[in-house]
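The values are calculated or read from the model by the stated rules, or taken from the named source; none is laboratory data. Keep in mind that this is a model prediction, so the values were computed, not measured. With ideal geometry, Cβ positions are generated from the backbone for all residues, glycine too; neighbour counts draw on all protein chains shown.
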Amino acid sequence: MGAHHLYASHFRTKIHLKRTILVKNILEKFARGNISPNLWSVMDNPDYERAANALIDCETRLLAAINDELTEIFEQHIAANAELSLITETERFIHGYRLGVLMTMEVFNGKD
């Protein structure tokens, strides 16, 4: 076995170990709830920040303009909307994950 082949083999082993450690760390963090794929997509998105600030501004002005009964109804509306958003995000994540697994299976099965 030539020196180049030994180096290439050693290099591939190191890459495999790094990938294994990275995957294990990501899977552990995911399993423990320390990471969320939904948050990653918006953390550094200026469009998201702009839209969120506009929503906060609207909510603040609306709450200042309505009475206590309407405030309670509006807060219930916000809670129900948050619950629907969570359900939708969860279903989209599950569907996307399944789709990704199916694509990966197709690649490894040699289908185009």
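Quick notes on this structure:
- Subset of region 58-100 [hydroxyl-bearing (Ser, Thr, Tyr) and either more than 22 Å from LEU27 (Cβ to Cβ) or over 31 Å from the mean Cα position of the chain (by Cα) (or both)]: THR60, THR71, SER85, THR88
- Within region 63-78, residues that are hydroxyl-bearing (Ser, Thr, Tyr) reach partners that are at pLDDT below 95 and surrounded by 10 or more Cβ atoms within 10 Å (Cβ to Cβ) with beta carbons closer than 7 Å, at six or more positions or on different chains, in the pairs THR71/LEU63.
- LEU86 within 17 Å of SER36 (Cα to Cα), surrounded by 10 or more Cβ atoms within 10 Å (Cβ to Cβ) and aliphatic (A, V, I, L, M): yes
- Filtered by the rule that a residue be modelled with pLDDT of 90 or more and either outside any helix (DSSP H, G or I) or in contact with a helix residue (DSSP H, G or I) (Cβ under 9 Å, 6 or more places away or on another chain) (or both), region 76-112 gives a lone residue, ILE78.
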